[in-house]
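What follows is a set of notes on a single structure, which appears directly below.
Nothing in this text is a laboratory measurement; each read-out follows from the coordinates by a stated rule. Keep in mind that what you see is a predicted model, and the values were worked out from it rather than measured. Every residue, glycine as well, gets a Cβ built from its backbone with ideal geometry; the counts of neighbours run over all protein chains shown.
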Amino acid sequence: MARGRPVFVCQACGAVHNRWSGKCDACGAWNSIVEEASSAPLPGGTSARALGRGRVVALESLSGSADEAPRLVSGMAELDRVTGGGFVFGSVLLLGGDPGIGKSTLLIQASAMLARSGHRVVYVSGEEAAAQVRLRAQRLGLGDAPVALAAETCVEDILATLKQSEPPRFVVIDSIQTLWTAQVESAPGTVTQVRASAQAMIRYAKTTGACIVLVGHVTKDGQIAGPRVVEHMVDAVLSFEGDSGRDFRILRAQKNRFGPTDEIGVFAMTGDGLEEVHNPSALFLGDREPDAPGTAVLAGLEGSRPLLVEIQALVVPSTLGTPRRAVVGWEGSRLAMVLAVLEARCGVRLGSHDVHLAVAGGLRVQEPAADLAVAAALVSSLLGSPLPLDAVFFGEIGLTGAVRPVAHPGPRLREAARLGFKRAALPPAAAEAAEEAGLTALSVPTLDALVARLAA
Ligand code: TYD
Ligand code: MG
């Protein structure tokens, strides 16, 4: 292919098309195809074999195991938990999140911690001038940390900067969307540029053993090349979530070649930067109202960490032909299932009611163990009778109405006991664990049993 011949690239998924069209056949996105100049092919004959790079090593000859992958520990416990115990040398991590959520703040703080403990750290900012980054660091009380700052966007310049002195151990690129490489002709921010730039940084990490964090803005409409195409290339993808109206932030691993993907890190955004929240249950249960019908506390689990959150439901007679079902922080399809089981197995009629369900504090709950807490909140709202303040709920509801056991009841119950709860409504199999944790077990073998108890 001659250099410069235009190709049409979907900015959402990176698929290449021969001609422009309104819809990408590969991912179904509308209006996402943009004309880009194709990159030049590698000069003929420079295959890996020709360069003598095709080399194999015996697996058993490699020292250490995956468990002992050498890691760079940041010292921020909430961050290290999500990376699986620190950044792995020679790996590339993508940190995604909405603009303004606090990605730069988090990484400046991590950079400062690492630099203070003697690692060479380079923070490359393509969005802010070095002086602005320094100003922010000073405001966070990190002005004295020996972090090397660079304001560059050209990949070749960045690599030259990194090679100038002693090789860094930790490099932050803020953000991947601002990078461009002279190797391809497309405009910065397009899929082709983002991919080529990310590839160059990944190659750098693999050859030098540095840990690289790429920041990626997630855009709602996907018009600007999202970091989606980069996700497949990097070793780990973390997302930083939260809504800007609230001050807490959740760091979550979506992909991690070197660690679990179900751990979360919790931070609070304060005037002095991000603060680690070591006791998130207390935060999420912060402002509970006594005597409010329709709220139930879920003794949940995020990764290995127990997390107590309040589930809120509001059930009101509907004025609409098709009643409204609104869910925030949980799956809509799961709510539909719980409603169907309540109707079919327990005779609770909600067909002419609007149902609103929310996880308090803006947290997103994914586990099926929340079913029982959701059902309890729904029934409590429908009956207008508050649930006891000292009770927690967990259990998965099957289509037959049976309450099924969930994983790791012990940590959930111990966390509930620690926070002063006295009773737990749970699947019978977990009753023993409740007694061990010092809680009174309210065994609910079926959803019907729970409804009968609440209606009594
Ligand atoms: P930032 O890290 O720049 O977000 P991102 O890099 O993800 O775009 O964070 C910006 C927001 O954080 C901004 O709205 C102000 C707020 N903030 C604080 O509340 N306290 C602080 O100490 C800092 C540095 C930022
Ligand atoms: Mg930023």
Extreme residue, positive dipole direction of region 283-455, given options Gly329, Val355, His408 (C-beta unit charges): Val355
Compute the distance in nm between two label points, each set 7 Å from the Cα along the Cα-to-Cβ direction, one at Ala326 and one at Asp262. 3.1 nm
Given backbone amide H placed at 1.01 Å from N, residues whose amide H is under 5 Å from that of Arg249, ignoring those fewer than 5 places away on the same chain, are Phe267, Ala268, Met269
Only helices at least 30 Å long along their own axis, judged from Cα atoms, and with Kyte-Doolittle mean hydropathy of 1.6 or greater: name those in the chain from DSSP H. none
Distances longer than 19 Å among the Cα atoms of region 143-293: what percent of all pairs is that? 63 percent
May I ask you to derive the FRET efficiency for Val56 and Trp20 from their Cβ-Cβ distance with R0 = 30 Å, giving the value to the nearest 0.05? 0.10
Whole angstrom only: what separates the Cα centroid of region 380-448 from the Cα centroid of region 124-197? 50 Å
Report the gain in length on full extension from Lys206 to Arg418: 0.36 nm times residue separation, minus Cα-Cα distance, nm rounded to one decimal. 71.9 nm
At 7 Å along Cα-to-Cβ for each site, give me the label-to-label distance between Asp157 and Gln366 in nm. 3.9 nm
For the chain, what does the equivalent ellipsoid look like in terms of its semi-axes, each the square root of 5 times an eigenvalue of the Cα gyration tensor, given largest first in whole Å? 47, 27, 21
Gain in span if fully extended, Ser304 to Arg116, counting 0.36 nm per residue against the direct Cα distance: 64.7 nm
Sum of -39500 (n - 2.57) over DSSP H runs of 4+, divided by residues of the chain (222 nm, nearest 500): -8000 deg cm²/dmol
What is the diffusion coefficient of region 304-443 in µm²/s, taking the Kirkwood radius over Cα pairs and the Stokes-Einstein relation at 10 °C with a viscosity of 1.306 mPa s? 103 µm²/s
Would you mind calculating the gained length between Arg453 and Ser318 on full extension (0.36 nm times residue separation, minus the Cα-Cα distance), in nm to one decimal? 46.0 nm
For region 308-325, in residue order, the Karplus 3J(HN,Hα) values (coefficients 6.51, -1.76, 1.60; θ = phi - 60°; whole Hz; Gly and Pro = x) are 8, 9, 8, 9, 10, 10, 10, 10, 9, x, 8, 9, 9, x, 10, x, 7, 10
Of the listed pairs Lys103/Lys163; Lys103/Lys255; Lys163/Lys255, which have alpha-carbon separations greater than 24 Å here? Lys103/Lys163; Lys163/Lys255
